[in-house]
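Data first, discussion second: the structure below is written as structure tokens.
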Amino acid sequence: MLTDVLRAPIRSSAFVAKEVFAVLREPRLILTLALGPFLILLLFGVGFHNTSRTFRTLFVAPQTGPVAQQVQSYATSLGPQLVFAGTTDNEAAARARLQQGDVDLVIVVPPDAAASVRSNHQAVLTVYHNELDPLQASYIEFSAALYTEEVNRRILQAVMGAAQAQANSIQAQLAAAHTSA
């Protein structure tokens, strides 16, 4: 019984010793074990790019109204990742340009973005792209979410600024009415 208990560790150590001696007899195996992980790391390093990609972006927005006036100023001031490629009011033509490869992104701005913000809703921007690489596609989706939040914040600031100006004029009118009363 005691010999059975001792046989398992002896067999295991004999197997490990045999494999260690086999590896030591083959210098190429040692070289592979030592350099293999570094070669894999080198290949990953060659394929890694730490620069942000720029996207030629075409906006689909109504050509009249306050939204059309703000689209270009927002697009050029949002950051270096978006290269403003113009605006159009034809979504089908914009998507055709995307299919042809003239632009990288098509962003559709809702015609009533300011009204959506005034009614306590976010303005939903629709983003179209043709990216097949899942990493680049997720980068586009993440960037689109950030830019949508920034556009909603700027629209909210503009609406609140207009409301404050209107409140100031009403307050002045109320003060004048109060003094005349």
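The values are calculated or read from the model by the stated rules, or taken from the named source; none is laboratory data. Nothing here was measured: the structure is a model prediction, and the numbers come from that model. All Cβ positions, even for glycine, are placed from backbone atoms using ideal geometry, and neighbour counts span all protein chains on display.
Pull up the stretch 156-181, narrow it to residues that are surrounded by fewer than 10 Cβ atoms within 10 Å (Cβ to Cβ) and of a type in the set (A, V, I, L, M, F, W, C), then point me to the one that is farthest from His121 (Cα to Cα).
Looking at residues that are surrounded by fewer than 10 Cβ atoms within 10 Å (Cβ to Cβ) and of a type in the set (A, V, I, L, M, F, W, C), I get Ala181.
Of the residues that sit in the stretch 99-121 and are part of a helix (DSSP H, G or I) and more than 29 Å from Ala158 (Cβ to Cβ), which one is nearest to the chain's Cα centre (by Cα)? Can you show your working first?
Filtering the stretch 99-121 down to residues part of a helix (DSSP H, G or I) leaves 99-100, 113-118.
Those left that are additionally more than 29 Å from Ala158 (Cβ to Cβ): 99-100.
Values: Gln99: 21, Gln100: 23 Å.
Ranking the qualifying residues of the stretch 99-121, first place goes to Gln99.
Among (1) over 19 Å from Ser52 (Cβ atoms); (2) in contact (Cβ under 8 Å) with a residue 24 or more places away in the chain, which single condition is Ala162 missing?
Evaluating Ala162 over (1) over 19 Å from Ser52 (Cβ atoms); (2) in contact (Cβ under 8 Å) with a residue 24 or more places away in the chain leaves (2) as the failure.
Quick check on Ala123: is it assigned by TED's automatic domain parsing to the domain that holds Val60, small (Gly, Ala, Ser) and touching a helix residue (DSSP H, G or I) at 6+ places or on another chain (Cβ under 6 Å)? Please lay out each step first, then the result.
Values: assigned by TED's automatic domain parsing to the domain that holds Val60: yes; small (Gly, Ala, Ser): yes; touching a helix residue (DSSP H, G or I) at 6+ places or on another chain (Cβ under 6 Å): yes.
Yes, satisfied.
Kindly list, by first and then second residue, each pair from a residue in the stretch 62-88 that is in the same structural domain as Thr148 (by TED's automatic domain parsing) and among the β-branched types (Val, Ile, Thr) to a residue that is surrounded by fewer than 18 Cβ atoms within 10 Å (Cβ to Cβ) and modelled with pLDDT of 70 or more, limited to pairs with Cβ atoms under 7 Å and residues at least 6 apart or on different chains.
Close Cβ pairs (under 7 Å, with a partner that is surrounded by fewer than 18 Cβ atoms within 10 Å (Cβ to Cβ) and modelled with pLDDT of 70 or more) amount to Val67/Pro111; Thr76/Phe84; Val83/Thr54; Val83/Arg56.
Can you name the residue in the stretch 122-154 that is loosely packed, with under 12 Cβ neighbours inside 10 Å and part of a loop (DSSP other than H, G, I, E, B) and, of all such residues, is modelled with the lowest pLDDT?
Top of the filtered list is Asp133.
Mind listing just one residue for me: the one in the stretch 72-94 that is crowded, with 17+ Cβ neighbours inside 10 Å and part of a helix (DSSP H, G or I) and, of those, modelled with the lowest pLDDT?
Once the filter is applied, the top-ranked residue is Ala75.
What tally of residues in the stretch 155-181 results from selecting those that are assigned to a helix (DSSP H, G or I) and either more than 21 Å from Val71 (Cβ to Cβ) or not assigned by TED's automatic domain parsing to the domain that holds Ala96 (or both)?
Of the residues in that region, 18 qualify.
Report, ordered by the first and then the second residue, all pairs with beta carbons closer than 7 Å, sequence separation of six or more or different chains, a first member in the stretch 29-45 that is in the same structural domain as Glu19 (by TED's automatic domain parsing), and a second member that is at pLDDT below 85.
Leu29/Val23; Ile30/Val23
List the pairs whose first member sits in the stretch 130-157 and is more than 21 Å from Asp102 (Cα to Cα), whose second member is assigned to a helix (DSSP H, G or I), and whose Cβ atoms are under 7 Å apart, counting only residues at least 6 apart or on separate chains?
Filtered contacts from the stretch 130-157: Val151/Tyr74; Asn152/Val117; Arg154/Tyr74; Ile155/Ala113; Ile155/Ala114; Ile155/Val117; Leu156/Val117.
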